[in-house]
Structures are given as C-alpha cells and as structure tokens.
Amino acid sequence: MSTTTEKARGPRKAGTAPSPATGGSRGRKPSMGVQNAAGWLFSTPFLVLFTVFMAFPILATLVMSFTDFGLRNVTRPWEANFIGFENYVNLFGDEKFLKSLFNTGYFVVVGVPLTIGIGLVVAVLLNNGIDRARTFFRVGFYAPVVTTIVAVAVVWRFVLDPSDGLIAGLFSEVGWTAPDFLGSETLAMPSLIVMAVWRNVGTVMVLFIAGLQAIPTEVREAAKLDGASVWQEFRGITVPLLRPTLLYATVITTIGYLNVFEEPFVMTQGGPSDSTLTVSLNMYREGFNFFHMGYASAMAYVLFVVIMGITVLQLRLLKDNTK
Amino acid sequence: MSATSGNAAVEPLKSDAPPTPPKNNGGTTNDRKNNGGKKNNGGQRNVSRRLVYVLLSLGLLVMSAPFLWMGLSAFKTQSELSASPPVWIPTEWTLENFRQLLDKLDLPLYFMNSVIVAVLVTVSNLVFCSMLGYALAKLNFVGRNKVFGLVLGALMVPGNLMLLPLFVLMSKLQLIDSYAGLVLPFAAGAFGVFLMRQFMQSIPDELLEAARMDGASEWYIFWRIVMPLVKPALATLSIFTFLGSWNNFVWPLIATNDPDKYTLPVALATFATDPNKAGGSNGMLMAGAFLIVLPVLVVFIALQRHFTQGIATAGMK
C-alpha cells in the first residue's frame, strides 16, 4: 500500500511481513497497561486542541445557526435569541444566497472536470511519453499549487487587465481588443475558473502520477502483446486501474472548489453584479462585514450539507462503476 | 499489491538510472521501451514522443506565464507598466516599484509576522501530530479506533464551518490581534496526524518491543527511536505545514484588525482591494506578489521531492 514510504521503512527488509501488533511476544502483558496510559497521554495534546478549536466551534456554528446571533453577541453570546429554522427558511428566499449557490455550482461543474481532465492528460504524458526532463516538467506544473493564493490572484488580476495585461498584449499582437474579463458578468466567473484550473492542475497531476506508478507494468505488457493500441490501453487498463486515484482527486478537488473564497475575494470582490459571489464569500460578508452571524452560520451549514451530499454521491457513483 | 512490484514501479520515477533488475516475471518500463524500439513502429514512436515534448512544453509555458509576467512587471517603469499594448520585457530595469511598496507597507514587519506564525505552527504540528501518529500506529490503547475515526472526520470538515464561533471564542479569550490567536487553531492538524501515522506504521514492532524489554519508557522510545527514523516524514510535514501557514489567508484576515499583526497575504490583499489606495500601482502589487511568491518557489524547487512524496502518501488511503 504505502509504496512511497521506502525511506521510512528503514531497517525492515523488503518482503518481510510486519508482525501483527497483537503478536504474542514476551513481556506483552506488563506493557499492556503502560501502552493504554501512554496511548492516551500521547493523544491528549491533539485532542485538547481539537476539542477547543474544532469540535466546539463546529457545534457552536450549528447552535448559532438557530439564533439571531449578531454583533452585540460577540461579547454576550448568551443573549442571542433562539429563532428555530428562521435563518434557514430565509436563506432559501434570499436571492443573493441563491445566486451565490448557483455561482459556486457553476464553478464546480465547469472547474472540476477541466482540472481532473487536464491533470490526467499531463500525468499520462509525463508518465509514458518522456523519460528526460520529467522532474523539470513536474516541478513546472506543480509550482502554482504551492504559491500564495493571494499573491497569485493579484498577479492574475493584472494578467487579465484589459488594457495593459498579458492577455491584452497577446490579443493586440493579432490585432484584437481584449475584453474586460473581470468586469464582465459573463466572463468574470470563467476567468476565475481558468485561474483555479491553472492553480490546481498540479495537485491532480501528482496524484495521478502516483497512481500510474502503482499500476504493475506486467498488465500493460500483456495488453501490448495482445496488440492493444495506445488508446485501447488507456481506456481498458489505465483508467479502470486508476479509478481509486480518480475518485480521490475528484472528491478533494470538488470539496476545494465548493469552498472557493480567495479568488473572488481578491480578484473581483464578488462582482460585477454578484456574478462571482460564492457561498464562502457571501458567508464571510454576512458574518464579518455585517455581523449577521446566525444567518452566516446557517449558510455555513447549508454549504457543509451540500459538500457532504456531493461527496457521498461521488463515492457511490465512482465505486459502482468499478463493478 | 505486493511491496516488490511496487518498488519496481516507483523506481524509474526517481532517476534515470537503470531500474532495479527485473527479478519477477514482468518487464520494467525500460524493457518495454527497448522492445518498442526493436519493432517496426519505432519511428512512429519517435514522432509521438516529439509531439509529447511539444505539448508539455506548451503547457509549461502557459503554467509559467503568470510568474514570468509578475517577475518582469515588478521591474518595469511606471510608463511601461501602463503602456497599451503592453510592453513584454522592461527596457530599463528598475527597483522603483519595490522602493515605493516598502514606503507604503511595512513589509519587514509582515514578513516577520508570517515567519513567526509559520514557525510556531510548524513546530507544534511536528510535536503533537507525531505524538498522536505514534499512538495510533504503535500503541495498543482502548479507544484507538475512535480517536483515529475522529482524525479522519476532522480531515473532511471544511474550515468555513468553524470560522464564526472561532472568532467569537478568540474575542472572548482576547486573542484577536495576537500570535496565539493566529497559531492555536492550526497548532495540530489532522493531515499531519494521518501522514505521521502512515509513516510510523512501517517501523518494525520488533524494534520497539526490544526497547521496551530493555526498560525504555514510551516517551524515550518515541523521542529517541521513532522520531529519528521518520525524519523524511518530518521533513515533508514541516514543508507542508510551513507553506500552509505562509499561504493561509482566511483566518489571519479574520483574526487581525491591527495592521501591526497582519501577515504578508493579509497585508497584500488589504492593499490590493483597498478602493481608495493612494497610488498603489500595478507595479507595486507585482513587486509585493514577487516578494511573497519568490521564497516559496525557491523552497519548493529545492525540496520538490518531499512535496510529491507527501501528496502521494496522503492520497494512498
């Protein structure tokens, strides 16, 4: 399973099966109680941090979403009023929220297939087509992933600038005028998607390369001998055997895109006319600009339910296809 | 999948050196290539290989274009920056954008804030995630599976879900605008636990049993035996955590009001989105982006192997 951890494997000789943890070695009985105590002591720091800064806030968001938690409650949380499902009911009559939901869906529906598709193509090309400069290409495609998204978004804003940006320059070389990408209601979201694809293709590529490396070469060898074409080999062997990786990559990319925040925050501030207002940006504004924290909490939970639903659906769909 | 076939498949990625001798029935990647060359379709293969290089190079050009544009624009003069159609390469390289930016923004301060927060987050993750990773991988304690389930659950919860109460909590604790407020929510991440557990599972139990029989305490075993053995994993985790913190934006944006506590991304975003920024030009923004992105790129290129290893390990499950 963990083929990439040879270094950590250290002293163990390849092929030696790890002895089961419950193996009946001597001295086990006295160490049992010690291990129990030690196990909890070693877990405690994480569990304390987890409880205070994650579990508690997650539950608190749920509770807040049923209240009219506002600015004054930041200092006096207990004075917030319980209002039942009012926030949730209001959300679905709120055009702005529905628009942000639609925008986020648009971003995911267009962005995820593009990211996965391009990532897969690059990985296959890197894995089969070339042997020299492989690291060079891999580094190049992965570089955008590690860079600070705020800085990169600032750069892209300038790249897309209709008068003095990079794209404008390319357009003028062939005698066209560049449209105002980020200022146009129809082009702003596609522009953000292009940037997101540019930024995330590297992650998907690395996952697919790892997946491709794990396919035993014997299988391909056999297909070759049977006279399979490159395409047949890809359809018949690479894609099916890559399915677990495909599943993982699709799920994490979808989750990431459903949470999209920085790109619209820095590049468009949600505009023009809310055409790039995403759920996360909407939630941030309602919560931290207007201090409608109860309402924003309800948004956070709607988004969470959507994420869980889509993730479960993806797991089902992709699992079923295997059989 | 057996460990041996896995090794054979991974090996060619690491270097162009000949792969491990094909001890099992199958051939390796190189064998296949040689066979292909001997067949008549060798010529066709060459053409397609050249096509692959062309495609990849074009892709790489697109991928690096924004970085090149940033790097070039940061050194352009004001007139070249606003020229329409744009100037590709500055005729007269200037540091004016950097000088103006440093006048406007206290970048050394934000840089230090980013470094302090990232170092604290990294160190605490190394310690706490390793501890729990060790417990989950090597200690047989009651409730272990429940704790592991918690970690997996934590991996899946989106950060948005806790921002609002976290802000309220930090306000109550008076930790807004403090390093503690910036660090604590990220002091121990589920990803780190998962990564460390994956690596520590491969340490042979016999080694730990031997130490236990010699009377070593669990802490000694963890600190003196296990930790040195997982140095590659610690390196991977350090890089990921440091960069994650360096690039983090949403929480520092929320947890800081006082500009003296801004981290670099918050300072740059605040500058970039300020509707009445007095004279903040594209050149200054490119200079700022350049200063934030350059160290990250350099570190990444120097340590790129650890990145791919970390991603691949996380994706194994």
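The values are calculated or read from the model by the stated rules, or taken from the named source; none is laboratory data. What you see is a predicted model; the values in this text were computed from it and never measured. Counting neighbours? That spans all protein chains shown, and the Cβs are built from the backbone with ideal geometry, glycine included.
The residue that is nearest to the other protein chains (Cβ to nearest Cβ), among those in segment A:58-79 that are among the hydrophobic types (A, V, I, L, M, F, W, C), buried (at least 19 other Cβ atoms within 10 Å of the Cβ) and touching a residue at least 24 places away in the same chain (Cβ under 8 Å), is A:Met64. Filtering segment A:105-126 to residues that are within 12 Å of chain B (Cβ to nearest Cβ) and touching a Phe, Trp or Tyr at 6+ places or on another chain (Cβ under 8 Å) leaves A:Gly119, A:Val122, A:Ala123, A:Val124, A:Leu126.
Matching residues to (1) facing another protein chain (nearest Cβ under 9 Å); (2) touching a helix residue (DSSP H, G or I) at 6+ places or on another chain (Cβ under 6 Å); (3) surrounded by fewer than 21 Cβ atoms within 10 Å (Cβ to Cβ); (4) modelled with pLDDT of 95 or more:
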| position | (1), (2), (3), (4) |
| --- | --- |
| B:Asn145 | no, no, yes, no |
| B:Ala154 | yes, yes, yes, no |
| B:Pro204 | yes, no, yes, no |
| B:Asp214 | no, no, yes, no |
| B:Val230 | yes, yes, no, no |
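The listed residues are B:Asn160, B:Asn140, and the only one of them that is over 22 Å from the mean Cα position of the chain (by Cα) and more than 30 Å from B:Ala287 (Cα to Cα) turns out to be B:Asn140. In the condition set (1) without any contact (Cβ under 8 Å) to a residue 24 or more places away in the chain; (2) in contact with a Ser or Thr (Cβ under 7 Å, 6 or more places away or on another chain); (3) part of a helix (DSSP H, G or I), A:Ile116 is compliant with all but (1). The condition (being away from every other protein chain (no Cβ under 13 Å) and either more than 30 Å from B:Arg224 (Cβ to Cβ) or hydrophobic (A, V, I, L, M, F, W, C) (or both)) is satisfied by just one residue among B:Thr94, B:Thr77, B:Thr122: B:Thr94.
For segment A:269-320, the set of residues classified as buried (at least 24 other Cβ atoms within 10 Å of the Cβ), within 11 Å of chain B (Cβ to nearest Cβ) and assigned to a loop (DSSP other than H, G, I, E, B) consists of A:Thr278 only.
Here is a yes/no grid of residues against (1) surrounded by 24 or more Cβ atoms within 10 Å (Cβ to Cβ); (2) over 20 Å from the mean Cα position of the chain (by Cα); (3) closer than 14 Å to A:Gln213 by Cα:
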residue: A:Phe107; (1), (2), (3): no, no, no
residue: A:Thr115; (1), (2), (3): yes, no, no
residue: A:Val124; (1), (2), (3): no, yes, yes
residue: A:Asn127; (1), (2), (3): no, yes, yes
residue: A:Asp131; (1), (2), (3): no, yes, yes
residue: A:Phe137; (1), (2), (3): no, yes, no
residue: A:Ala143; (1), (2), (3): no, no, no
residue: A:Ile149; (1), (2), (3): no, no, no
residue: A:Val152; (1), (2), (3): yes, no, no
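Restricting attention to segment A:82-96 and to residues that are surrounded by 12 or more Cβ atoms within 10 Å (Cβ to Cβ) and part of a loop (DSSP other than H, G, I, E, B), the residue that is farthest from the chain's Cα centre (by Cα) turns out to be A:Ile83. Of the helices (runs of 4 or more DSSP H) contained entirely in segment A:159-245, those carrying at least 3 residues that are closer than 30 Å to A:Asn103 by Cβ fall at A:166-173, A:188-213.
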